[in-house]
């Protein structure tokens, strides 16, 4: 079997998915057309061939021009692929690949599109016709929750007979489960160079502006001095965003005077798991989401999670997962203060989150469903 993935070879979810499909189908060949070269240490195990656009400098970053540049580059890469594939699988509801949907169909026996969430919720009127074209061309569409499929259907595309809920597995869950039993929070903090004697608050989980770092930092900055003096803030910024935004966040957190650390280099799965186990509180209030993997890993580790009631997390509620949701960003300062005041009691309430999260998102449960899409 030969598969062609369209996505980001740097994304650990895609790397792990490809490795899981290869585990279940040892004879499979998986090529990927990636938006960028991959820094992931296992990308070349996961993908037999990684093809990505190169060159152009300003043309690939300038608004308006970059759309046409990427479309030309992707069309050329698609033409260079070897023959037909049993399936072409697009990860992200891309307007560019919507424009190239006929070329995708010519390359594969089945065309599958997997929605990530932000690609649906934050779309614009100019992009929607091309995204809708990609959805209409697809043989099957997947998402992690029903809300995302419903949002995609509002583009006037009927997905009722050709869609399903399929979630990515989360490799760090395996490490969280193992490391949780081998040491306490202090040990995992020491392994990452984090202080043992402070309350560790993790602000978001990537470098995207969608994470609303400024609102989180402001909520921490207005805390009473006695609480601020107990904090250490971690900002994971290993993926997403651009250097200008990272510098903006670095400046904002620096102005507060609160001790902090920014993770900017890609982390191993084990270090990711250690960070989840080291944390006391995760604040995750992004504008849109499907079902954040990083948040699930924190929940599995017993972290106290503050998130937004506007995010589509009914599946977590239904599974009995314990977390705290705010109605709007104006509620965030009070929510953080309450979490700090009640920290030990809340941590105790979160200790049973591991079981339902593993049931929802471990690869042992999810990988066979992904593999079945290619039959």
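Looking only at the stretch 214-229, residues that are crowded, with 16+ Cβ neighbours inside 10 Å and either farther than 18 Å from residue 332 by Cα or touching a strand residue (DSSP E or B) at 6+ places or on another chain (Cβ under 6 Å) (or both) come to 1 in all.
Within the stretch 77-91, take every residue that is touching a helix residue (DSSP H, G or I) at 6+ places or on another chain (Cβ under 9 Å) and surrounded by fewer than 21 Cβ atoms within 10 Å (Cβ to Cβ) and give me the one that is nearest to residue 64 (Cα to Cα). The qualifying residue nearest to residue 64 (Cα to Cα) is 78. Return yes or no: is residue 260 surrounded by fewer than 22 Cβ atoms within 10 Å (Cβ to Cβ), out of contact with any helix residue (DSSP H, G or I) (no Cβ under 7 Å at 6 or more places or on another chain) and either farther than 30 Å from residue 150 by Cα or modelled with pLDDT of 90 or more (or both)? Answer is no for this residue.
Restricting attention to the stretch 101-127, the residues that are at pLDDT 90 or above and more than 20 Å from the chain's Cα centre (by Cα) add up to 9. Just to be sure before I move on: is residue 132 assigned to a helix (DSSP H, G or I) and without any contact (Cβ under 8 Å) to a residue 12 or more places away in the chain in the structure I sent? So residue 132 does not fit the description; no.
Taking (1) surrounded by 20 or more Cβ atoms within 10 Å (Cβ to Cβ); (2) over 25 Å from residue 301 (Cα atoms) in turn, residue 244 satisfies each apart from (1). Restricting attention to the stretch 145-156, the residues that are surrounded by 17 or more Cβ atoms within 10 Å (Cβ to Cβ) and either in contact with a helix residue (DSSP H, G or I) (Cβ under 8 Å, 6 or more places away or on another chain) or not assigned by TED's automatic domain parsing to the domain that holds residue 16 (or both) add up to 6.
Considering the conditions (1) farther than 20 Å from residue 117 by Cα; (2) surrounded by fewer than 17 Cβ atoms within 10 Å (Cβ to Cβ); (3) within 22 Å of the chain's Cα centre (by Cα); (4) modelled with pLDDT of 95 or more, residue 355 is excluded by exactly one of them, (4).
The values are calculated or read from the model by the stated rules, or taken from the named source; none is laboratory data. From a predicted model like this one, the values you see are computed outputs, not experimental measurements. When we count neighbours, we look across all protein chains shown, and the Cβ atoms used for this are built from the backbone with ideal geometry, even at glycine.
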